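Where a number appears in this text, it was derived from the coordinates with a stated rule and is not lab data. Predicted model only: the values in this text are computed from it and were never measured. Note: ideal-geometry Cβ built from the backbone for every residue, glycine included; neighbour counts use all protein chains shown.
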Amino acid sequence: MDHYLLPLFIVNIVIILADAAIGYHVAPALMRRFTPDPETADLSVRGMRTMLGGVVALYMFFNCLGYFRHNGIMLMAVTAIVVVDMGAQLVVKRKVGKGREE
């Protein structure tokens with residue numbers, strides 16, 4: 001019954017780390033694009049990256065909570081949330097990149 005929990009737990013760890021890496025690189029692009037002042041953009045990037053650490057910690061917490069409580073629904077919910085978050089970041093990065101070309 002719980003044979004899928006460990007693989008899902010491991011996949012979640014990998015996609016959470018990938019999501020964090022994407023967010024770490026997308027945040028500066030967004031801040032520099034929409035903030036005219038470079039100093040303000042740097043402060044915003046630092047704040048956003050700090051917040052990113054908190055979000056990753058929450059994802060990991062709920063991933064571990066679901067795994068150790070044998071709650072497959074929670075693990076699937078974490079997977080869905082992280083995948084949607086990662087997809088949204090990639091879409092925003094693509095739109096910001098196209099905005100620079102025009």
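Worth pointing out:
- Any hit, the stretch 71-93, residues being of a type outside the set (A, V, I, L, M), closer than 30 Å to Tyr4 by Cβ and not in a helix (DSSP H, G or I): yes
- Top-ranked residue of the stretch 2-16 - restricted to ones that are surrounded by 14 or more Cβ atoms within 10 Å (Cβ to Cβ) and hydrophobic (A, V, I, L, M, F, W, C), ranked as nearest to the chain's Cα centre (by Cα): Ile16
- If you go through the stretch 31-52 and keep only what is of a type outside the set (Val, Ile, Thr), assigned to a helix (DSSP H, G or I) and surrounded by fewer than 12 Cβ atoms within 10 Å (Cβ to Cβ), you end up with Phe34, Pro38, Glu39.
- Of all residues in the stretch 78-96 being farther than 16 Å from Met60 by Cα and touching a residue at least 12 places away in the same chain (Cβ under 8 Å), the one that is farthest from the chain's Cα centre (by Cα): Val96
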